[in-house]
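Here the structure comes first, spelled out in structure tokens, and everything after it is commentary.
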Amino acid sequence: MKFQSTLFCLCVAMLQLATLADEPKPSSRPNVIFILTDDQGWNDAHFAGHPYVKTPNLDKLAAEGTWLRQFYVASTVCSPSRCGFLTSHYPARHLIHGHFATHELNEKRHMPHWLDPKTPTLASLLKKSGYATAHIGKWHLGSGQGAPTPEAYGFDFVRHTTGNKSYWEENGEDPYFRAKSTSLFVDETIKFIRENKDGPFYVNLWTLLPHAKLNPTPEQLKEYESISPQADHPAFGPRMKKYLGNAKNLKNQSQVFYASLTDLDTQLGRLFAALEEMKLANNTIIFFSSDNGAEDYRVGNASNAGVGNTGPLRARKRSMYEGGIRTFGIVRWPGHVPAGRRDEISVTGGVDFLPTICKLAGVTLPENLNPDGEDVSDIWLGNSRPRKRPLHWEWLFNVQGRDDGYMPPMLAVRDGDWKLFVNHDGSGAQLYHIPRDISEEHDVAQQHPDVVQALTTKALAWVKSLPPSPARDAAAKTGKPQDAQPSAAATPGKPNSATSQDRAKIFAGRDKNQDGLLTLEEFSSGLAKGVDFKQRFELFDTNHDERLTKDEFVKMGKR
């Protein structure tokens, strides 16, 4: 009997050893997955209070982690926001004032054509310290002739769009490429993780969705075929109710948007399940955010993508009011980051991402990095505290929704509970106490002149720390957005060449696919030889979305 008992124990021990041999060797440093969606609003998830959209996997992620409720990205639009995450620098330090577009448009806005690859990035620092690194999905940090690919910034494994030598082309034969893109990105992410499961690894998973133009598959749409969203639902904030109430076709627009978001959620669920299956979830930090606030349906091709939910926040993408720059900050790391926590106190930002991840990964920052952000790993791990330095923003261009109060002065600073807007000459100050006034409805600048003076001093000192910029100089001199078009008076005796009605007919004639938008190719088809059609197209394209609406074509054509 004793012999049989000993034999049984030996068998059990051998089975345990075999099981352990099948599991990945735990890395002493955490793996990191950075999920960045595109144009997802602060309330565009069920856990965040959206009354209609279904996001069970994001809900579970938030329940298992911490939601940093006062998290801010570095810019109101795509490329500069991504720069802030990767470099811990305000994008203005790299003259990245707006999104990277054609080289002609970049030059017009006095911008470089790409982020300088000599700039230290989170990926390059982690790679040097032994991490396997991957970028999968949207890039948008430079394209066109001569633009470096993501490999130049420290990524070993690259599968990208919106850049040079893209792995996937968005304008291919499949009309549902964008709708299927998250599935493709997740497939490649899981593949990379399986090949590097012994770790440590770092992954950028940057999605195309829910950025316009949205075209979900019929199967994806079935989930919402019977939905009838109400603009006055109590879950929406006052501004959202008014905004959705003015939507052209709220039901159809919402069906498309919700279907796109839910498929994104479904695909992320596959990634989370794969981490569990590979027994990597407990040693993997997941950080989830969006590059900026929700899009506006009045922008070109964004009628469907433009019904994102900003909740109680004022304004949308392109605006430095809360709705344009406050986005998700969800962190999950089982056993380290508190589960189910909602931090309403700590103010954190995209520029904090690099120093925070480096701290948790045991990577020393190089002396020449000079980060604008700070290490907030203690906040991630459960502490709540004020930040040590202010957050700054600058936006030199127009904002969709100006008539709705979406366009503040050109500088913003968040310091403690206060948020100040001011122009480069110190004029136009607006002051808000954000914890008490999240909707930025009550400007209290006149009641607190001491706070206005102190924050104005900080904002203008920050501007002086930035490299010289012709775009900034022009904005400061004129006090006007750099894409504002001067209204040309008609020459006496010579009326405008075409009436609004005439130009509307011209627009319809050039709109070959009848989608209500003109591409550069469609626009140029009606111009005579020798005309600089690219320059004219960019002049007409006031919102820089590389498509012309009828309104843009008619109004600009009459100037």
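Values in this text are rule-based calculations from the coordinates and carry no lab data. The structure displayed is predicted, hence computed values, not measured ones. Please note: Cβ atoms are built from the backbone with ideal geometry, for glycine as well, and neighbour counts cover all protein chains shown.
Just how far, in whole angstrom, is the stretch 45-118 from the stretch 328-395 if you go by their alpha carbon centroids?
Cα centroid of the stretch 328-395 versus Cα centroid of the stretch 45-118: 15 Å apart.
State, to one decimal in nm, how far the label point of residue 460 lies from the label point of residue 249, with both points 7 Å from Cα in the Cβ direction.
Placing both labels 7 Å along Cα→Cβ, they lie 5.2 nm apart.
Give a residue-ordered list of calculated ³J(HN,Hα) values for the stretch 316-332 (Karplus: 6.51 cos²θ - 1.76 cosθ + 1.60, θ = phi - 60°; whole Hz; x for Gly, Pro).
Karplus-based 3J(HN,Hα) across the stretch 316-332 equals 9, 3, 5, 9, 8, 5, 3, x, x, 10, 8, 10, 4, x, 9, 10, 10 Hz.
Shape call for the stretch 315-363 from the C-alpha gyration tensor, a ≥ b ≥ c root eigenvalues: rounded (a/c under 1.5), prolate (a/b greater than b/c) or oblate?
oblate
Using a Förster distance of 22 Å, how high is the FRET efficiency between residue 118 and residue 166, based on the Cβ-Cβ distance and rounded to 0.05?
Once the sixth-power term is evaluated, E becomes 0.45.
Give me the angle, in degrees from 0 to 90, between the Cα long axis of helix 500-510 and the longest principal axis of the Cα atoms of the chain, rounded to the nearest 10.
That helix lies at roughly 50 degrees to the long axis.
Tell me the label-point distance for the pair residue 345, residue 477, using the 7 Å Cα-to-Cβ offset, in nm and rounded to one decimal.
Output for this residue pair reads 4.8 nm.
Length gain on complete extension for the stretch residue 273 to residue 365, per 0.36 nm per residue less the alpha carbon to alpha carbon distance?
Separation in residues times 0.36 nm, less the Cα-Cα distance, equals 29.8 nm.
Kindly identify the chain as rounded, prolate or oblate by the Cα gyration tensor criterion: order the square roots of the eigenvalues as a ≥ b ≥ c, call it rounded if a/c is under 1.5, otherwise compare a/b with b/c, prolate if a/b is larger, else oblate.
prolate
Dipole of the chain (Lys/Arg Cβ +1, Asp/Glu Cβ -1, origin at the Cα centre): which of 514, 482, 399 lies farthest to the positive side?
Positive-most Cα among the choices belongs to 482.
Please list, in chain and number order, the residues 5+ apart from residue 64 or on another chain whose amide H is under 5 Å from its amide H, with Hs placed from the backbone.
Amide H to amide H, under 5 Å and 5 or more residues apart or across chains, residue 64 pairs with 340.
On full extension of the chain, what length is gained from residue 235 through residue 505, given 0.36 nm per residue of separation minus the C-alpha to C-alpha distance?
Result: 93.0 nm gained on full extension.
Please work out whether the stretch 155-306 counts as rounded, prolate or oblate from its C-alpha gyration tensor, where a ≥ b ≥ c are the square roots of the eigenvalues and a/c under 1.5 means rounded, while otherwise a/b larger than b/c means prolate and anything else oblate?
prolate
Restricting the calculation to Cα positions, tell me the Rg (one decimal) and the Dmax (whole number) of the stretch 222-370 in Å.
For the stretch 222-370, the Cα radius of gyration and maximum Cα-Cα distance read 18.7, 57 Å.
Dipole of the chain, Cα-centred, from +1 at each Lys and Arg C-beta and -1 at each Asp and Glu C-beta, to the nearest 20 debye?
Dipole about the Cα centre, nearest 20: 540 debye.
In whole Hz and in residue order, list the ³J(HN,Hα) couplings for the stretch 211-225 that follow from phi through the Karplus curve 6.51 cos²θ - 1.76 cosθ + 1.60, θ = phi - 60°; x for Gly and Pro.
4, 5, 9, 8, 8, x, 6, x, 5, 5, 5, 4, 4, 10, 5
Stretched out fully, how many nm does the piece from residue 383 to residue 442 gain, at 0.36 nm a residue minus the Cα gap?
Between residue 383 and residue 442, full extension yields an extra 18.2 nm.
Give me the percent of DSSP beta bridges within the chain that run antiparallel, rounded to the nearest 5.
Within the chain, antiparallel bridges account for around 45 percent of the total.
Using the alpha-carbon centroid of each, what span in Å lies between the stretch 413-483 and the stretch 236-291?
For the stretch 413-483 versus the stretch 236-291, the Cα centre distance is 32 Å.
For the stretch 429-444, just list the computed ³J(HN,Hα) in residue order, Karplus coefficients 6.51, -1.76 and 1.60, θ = phi - 60°, integers in Hz, with x standing in for Gly and Pro.
Couplings: 4, 10, 10, 9, 9, 5, x, 8, 9, 4, 8, 6, 9, 10, 6, 10 Hz.
Which far-off residues, 5 or more places away or on another chain, put their amide H under 5 Å from the one on residue 157, with H placed in the peptide plane?
133, 134, 135
Taking the Cβ of residue 349 as the center, what net charge do the other residues with Cβ under 15 Å away carry, scoring Lys and Arg +1 and Asp and Glu -1?
Combined, the nearby Lys, Arg, Asp and Glu give +1.
If contacts are Cα pairs under 8 angstrom and at least 6 residues apart, what is the relative contact order of the stretch 160-209 in percent?
Over the stretch 160-209, the number comes to 34 percent.
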